[in-house]
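The values are calculated or read from the model by the stated rules, or taken from the named source; none is laboratory data. Values in this document were obtained by computation on a predicted structure and should not be read as measured data. Don't worry about glycine lacking a Cβ; one is built from the backbone with ideal geometry, like all the others, and counts go over all protein chains shown.
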Amino acid sequence: MCQKPYTLELPMLGDSSIGYLSIVDFKDMLPFEPLRIYWTYFTPESIVRGRHAHHKTEQILLAVSGIILVNIETIDGELYTYKLDKPNMGVYIPPLTWHTMQYSHAAVQLIIASTSYDESDYIRDYTVFETIKKKHA
Ligand code: T46
């Protein structure tokens, strides 16, 4: 059994006359203690980012602007696709989860991560992920 991805719906305060405000309160709204945020932008629509898993890092991925298509394969071999098309919608990405992302024009992706950046936490070779997956089965 592995941790599974799931979507989070964040508060959306306001209305169409004044606009909206969404919140991620680090005190009690996340399944992990955050250590880092980063964001990506200006990604051409033809590009697929990600193509990796993490040994330990847990993340929440949000499309604060535009649309992001997230494809996920868990270490159990389960496949998930999420279309993030609302600024108050996020997806939880557990450790040992292969993920790829594609972006609409001008999409801005915000990620909240449980670890500081460490390249040794990445599994960037899909055959290595497959080997771990087989051992896990
Ligand atoms: C992930 C997805 C959702 C750093 O130096 N520090 C950092 O904190 C990060 C996140 C990246 N980098 C460097 C590593 C590479 O040289 O930035 C460069 C681009 O990173 P990468 O090719 O991994 O970018 P994405 O968009 O494929 O993946 C990123 C995160 O790296 C990854 O953890 O889960 O977003």
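Among residues of the range 116-137 that are modelled with pLDDT of 95 or more, those with a beta-carbon under 6 Å from a residue that is among the hydroxyl-bearing types (Ser, Thr, Tyr) and surrounded by 11 or more Cβ atoms within 10 Å (Cβ to Cβ) at least six positions away or on a different chain give the pairs Asp121/Thr57.
Based on what the data block shows, is Leu96 in contact (Cβ under 8 Å) with a residue 40 or more places away in the chain, under 15 Å from the mean Cα position of the chain (by Cα) and on the phi > 0 side of the Ramachandran plot? When the stated conditions are applied, Leu96 passes them.
Against the condition among the β-branched types (Val, Ile, Thr), within 12 Å of the ligand (Cβ to nearest atom) and either more than 27 Å from Asp25 (Cβ to Cβ) or part of a loop (DSSP other than H, G, I, E, B) (or both), how does Thr131 come out, does it pass? Against the criterion (among the β-branched types (Val, Ile, Thr), within 12 Å of the ligand (Cβ to nearest atom) and either more than 27 Å from Asp25 (Cβ to Cβ) or part of a loop (DSSP other than H, G, I, E, B) (or both)), Thr131 does not qualify. Among the strands (runs of 3 or more DSSP E) confined to the range 1-103, the ones with at least 1 residues that are surrounded by fewer than 20 Cβ atoms within 10 Å (Cβ to Cβ) and within 11 Å of the ligand (Cβ to nearest atom) are located at 36-40, 48-54, 98-103. Here is the figure for the range 104-115: residues that are hydrophobic (A, V, I, L, M, F, W, C), buried (at least 20 other Cβ atoms within 10 Å of the Cβ) and in a strand (DSSP E or B) total 2.
Quick check on the range 2-19. Is at least one of its residues over 12 Å from the mean Cα position of the chain (by Cα) and of a type in the set (Phe, Trp, Tyr)? No; the residues of the range 2-19 include none that is over 12 Å from the mean Cα position of the chain (by Cα) and of a type in the set (Phe, Trp, Tyr).
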